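Below you'll find the structure, written out as structure tokens, and then a few comments.
The values are calculated or read from the model by the stated rules, or taken from the named source; none is laboratory data. From a predicted model like this one, the values you see are computed outputs, not experimental measurements. Every residue, glycine among them, receives a Cβ derived from its backbone with ideal geometry; neighbour counts consider all protein chains shown.
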Amino acid sequence: MTDPTSLPNFMPSAPDAGPDGGQAPASATPVRDRILEVLKGLGIEASIDGDGDLEFAIVDDEGASTTLFARVAEGDLALVRFFGQWQLAEPVSPDRNERIARCNDLTMQLNIVKLSLVQESLVVSAEHVITPNADLEILVPLSVNHILQSVGFFFQSWLPVDDVPAGPTA
């Protein structure tokens, strides 16, 4: 089985200075560099890992950090996959078929994201075709938020439901 987060690896790109030594137009700037700029604009530090992916951490209100990645395949129409991995533990069922069924159910219910299993990890990704004029300032935070919410839905779905009254009784 191949790694579900695999896309071809590309060497880190250098910004194109353009003919006059200035910045290249946004559409000529590699998508990975454009995503990096959006993350920086959101106050998120990102770096390029050994695979050429952007690696960045999202910190929640309690100070807990979640590492996410963005893998970009450049081209006329670039492909980007935002993804993260989470270890499975209680209360998640140890039954692999039950886990796969839950991933499938959530993938079918949600937009943008896919949930899948790799050994004992949940992998959640959001994949997009990026046109030259794509608004990455909307796409990047939207993708990250959908991934994090989907992870929350997955783990919450294993918690027992409290007996909640159906409504007022007569």
note = Restricted to the stretch 89-105 and to residues being surrounded by fewer than 17 Cβ atoms within 10 Å (Cβ to Cβ) and hydrophobic (A, V, I, L, M, F, W, C), the residue nearest to the chain's Cα centre (by Cα) is Ile100
query = Which residues, taken from the stretch 54-65, are in contact with a strand residue (DSSP E or B) (Cβ under 6 Å, 6 or more places away or on another chain), modelled with pLDDT under 95 and of a type outside the set (A, V, I, L, M, F, W, C)?
reply = Ser65
request  = For Leu39, work out the one condition from (1) farther than 16 Å from Val140 by Cβ; (2) modelled with pLDDT of 95 or more; (3) under 18 Å from the mean Cα position of the chain (by Cα); (4) of a type in the set (A, V, I, L, M, F, W, C) it doesn't fulfil.
outcome  = (1)
ask   = In the stretch 127-148, what residues are free of Cβ contacts under 8 Å to residues at least 60 places away in the same chain and either exposed (fewer than 13 other Cβ atoms within 10 Å of the Cβ) or in contact with a Leu (Cβ under 8 Å, 6 or more places away or on another chain) (or both)?
value = Glu127, His128, Val129, Thr131, Asp135, Ile138, His146
request  = All but one of (1) closer than 23 Å to Ile44 by Cα; (2) touching a residue at least 40 places away in the same chain (Cβ under 8 Å) hold for Ser93, so report the exception by its number.
outcome  = (1)
ask   = Restricting attention to the stretch 67-85, and to residues there that are in contact with a Phe, Trp or Tyr (Cβ under 8 Å, 6 or more places away or on another chain) and among the β-branched types (Val, Ile, Thr), which single residue is farthest from Ile44 (Cα to Cα)?
value = Val72
